[in-house]
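Asks: Please read through the structure below; I'll follow up with questions.
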Amino acid sequence: MKKQDVNRYFPLFIYVFCFIISVVVLWQGRSFGLFPMPSPGMDQLNFLDHAQNMLKGILPDYSYKLSFSYTVFLAFLSLITGGEILIMRILQIALCSLIPVVIYKLCRLLRCSFIASQIAALLYCFYGTSILVSIGFLRAAPLALCFIGFVYLLVKGFYSKKYHHYLCAGLLAGLAILGRENFIPIALAPLIMLFFPVVRKHVSGQKIAIYLVGIFILIAPLIMYNYIRFDAPELIPGNFTHIFKFYHGEKTVESSGKLANSIINRVPSQVKMFASSYEAPNSLALYAHREIISLLNVLRVPFNLILAMAILALFLDFKHLRSLFIGGMATGYFLTIIYFSMFYRFRVVDVPLLLVLCGIAIRSLMQTKSRKLIYSFSAIFVILFFFMTYTHPNKIRTGSERRSVIGLLISNKDYYRAEKLIDGLIEDEVPLNNIEKHLVKEIYNEGYKEDAKRLFTKYNENIPSIKQQ
């Protein structure tokens, strides 16, 4: 195949590639009993229950504090699939597989080379967290698509000067706001670019108005509905207070001074968590799934490496407004979530834009004149940043999570991997809670008596040094 054909059909290739990877992860997980109907108490089940209620004509009440747009999306999926959970997951995967396509197209729109744009899109496919989240009934992955989608359309409108691009950008920004309220300032952040004369030259007041109308078209009906029904002209009545109470405590919220102090005190730790390689679990645990699903062991691009390359782009491409705009939007999102706990599903939304910056960094490195100096600086920066922000997951993961993975492997008769993970618990001096006895018993009952005796002897030699609970 010619190079021109590869470049021409790359969007189709990367879409199919991302879709297949995600479906294989889903299939491998299902073979171990993963990705069932969400358990009670999880946000995923809450989303699904309210989606089903919508189909019955029952709209969310005042107590519902989750995403309205994502609930409508799940209701639509449930309608066309008859509520079949597996098909709903596959359809969501099909939607989220558009993300690397938009990454590629945005990179190309920003004058990145074909190879730099393709690398940026491929990196997304090998960031296992995004693939895993796109399978679960969580809004993070569709929200990431809305985010990079409206940024792409704004850039497209800037270059094409066509009004419908601004309208579509506004509609996607409105969807993002309905997905999570912290997108209100992010959707308005592009207006800051009007301080630059070159932007004012291309962006008229009419285009700004059309963009804002696109946002207003989607959010106004919901605000009006909440005002009429709950006497609360808000997107989600009482949600801001609810969120701050959840993350900072009820007594803290009662005093604005205490709340401000609590937020400020948490900022350093949240910045550290955002930059860390560690994927803080919430609803779905990446590392537990990685120990079970073999393909996730291949999809190991760490977040801190993506972030390091994105920051590098701001240095290498500082003379151009493109990196300032993309970096500003990515930073704007980060600033809206810094007040809460930095779970990995919050970071996932920012990943597509960070990968666009990675594409810009790669393009800058390929075109730089002082190659030895720039390459040396870039390599030193990325390596230092990576190791300064790297955290071995087993130092933070709970023992109960690691033991539950072993229990699942044993129940699926994957005794070899279960043995290896128990060895890891012993090495890290994590209490076994008799999980090793369960393995020996199951192997013995399966008729592998010699292996059972070997493991019995092995664990009796190693376990005395480990505290049993």
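Asks: With θ taken as phi - 60° and the coefficients 6.51, -1.76 and 1.60, list the Karplus ³J(HN,Hα) couplings across the range 289-302 in order, rounded to whole Hz; mark glycine and proline as x.
Replies: 5, 5, 6, 9, 8, 5, 5, 5, 6, 7, 8, 10, 4, x
Asks: How would you rank Thr331, Thr241, going from fewest to most other Cβ atoms within 10 Å of each one's own Cβ?
Replies: Listed from fewest to most nearby Cβ atoms, that is Thr241, Thr331.
Asks: Let me ask another. If I stretch the segment between Ile85 and Asn239 completely, what's the gain in nm (0.36 nm per residue apart, minus their alpha carbon distance), one decimal?
Replies: Going from the current span to full extension adds 52.6 nm.
Asks: Still on this model: Consider just the alpha-carbon atoms of the range 223-275 and return their Rg together with their Dmax, both in angstrom.
Replies: Cα-based Rg and Dmax for the range 223-275 come out at 14.6, 43 Å.
Asks: Give, in whole angstrom and from largest to smallest, the semi-axes √(5λ) of the equivalent ellipsoid of the range 397-465, with λ running over the eigenvalues of the Cα gyration tensor.
Replies: Largest first, the range 397-465 gives 18, 15, 8 Å.
Asks: Compute the FRET efficiency between Lys369 and Phe126 as 1/(1 + (r/R0)^6), taking r as their Cβ-Cβ distance and R0 = 30 Å, and round to the nearest 0.05.
Replies: Taking R0 as 30 Å, the efficiency between Lys369 and Phe126 is 0.45.
Asks: In addition: Which peptide among 376-386, 418-428, 308-318 comes first, and what is the full order, when sorted by highest mean count of other Cβ atoms within 10 Å?
Replies: Going from most to least packed, we get 308-318, 418-428, 376-386.
Asks: Can you list the lysines whose alpha carbon is less than 25 Å from that of Lys161, not counting same-chain residues fewer than 8 positions off?
Replies: Cα-Cα hits under 25 Å: Lys105, Lys201, Lys207, Lys319.
Asks: Sticking with this one: How many angstrom lie between the C-alpha centres of the range 298-315 and the range 231-270?
Replies: 31
Asks: Could you pull out every one of the aspartates and glutamates with an alpha carbon less than 18 Å from that of Lys65, ignoring same-chain neighbours closer than 8 positions?
Replies: Within the straight-line limit of under 18 Å, Lys65 reaches these aspartates and glutamates: Asp43, Asp49, Glu181, Asp231, Glu234, Glu250.
Asks: Please compute the length gained on full extension between Phe318 and Ile115, using 0.36 nm multiplied by the number of residues separating them and subtracting their Cα-Cα distance.
Replies: Value of the extension gain: 71.0 nm.
Asks: Given points 7 Å out from each Cα along the Cα-Cβ axis, report the Arg300 to Arg200 separation in nanometres with one decimal.
Replies: Those two pseudo-labels are separated by 5.2 nm.
Asks: Contour minus end-to-end for Phe216 and Tyr62, with contour as 0.36 nm per residue of separation and end-to-end as the Cα-Cα distance?
Replies: Working it through step by step, the gained length comes to 53.2 nm.
Asks: What value, in deg cm²/dmol to 500, does the helix sum -39500 (n - 2.57) over DSSP H runs of n ≥ 4 give at 222 nm once divided by the residues of the chain?
Replies: -23000 deg cm²/dmol
Asks: Given the peptides 362-369, 253-260, arrange them by the average over their residues of other C-beta atoms within 10 Å, most packed first.
Replies: By packing density, highest mean first, the sequence is 362-369, 253-260.
Asks: With r defined as the distance between the Cβ atoms of Asn261 and Gln4 and R0 fixed at 41 Å, what FRET efficiency is calculated, to the nearest 0.05?
Replies: FRET efficiency, Asn261 to Gln4: 0.10.
Asks: Sort 47-59, 190-202 by packing, meaning the average of other beta carbons within 10 Å per residue, with the highest value first.
Replies: Final packing ranking: 47-59, 190-202.
Asks: Note the direction-averaged projected area, equal to a quarter of the hull surface, for the Cα convex hull of the chain, in nm².
Replies: 27.9
Asks: Given the range 142-291, what whole percent of its Cα pairs are spread farther than 23 Å?
Replies: Value for the range 142-291: 55 percent of Cα pairs lie more than 23 Å apart.
All of the numbers you see were taken from the coordinates with simple rules; none came from a lab. Quick caveat, the model's predicted, so the values are computed rather than measured. Glycine also receives a Cβ, built like all others from the backbone with ideal geometry; neighbour counts cover every protein chain displayed.
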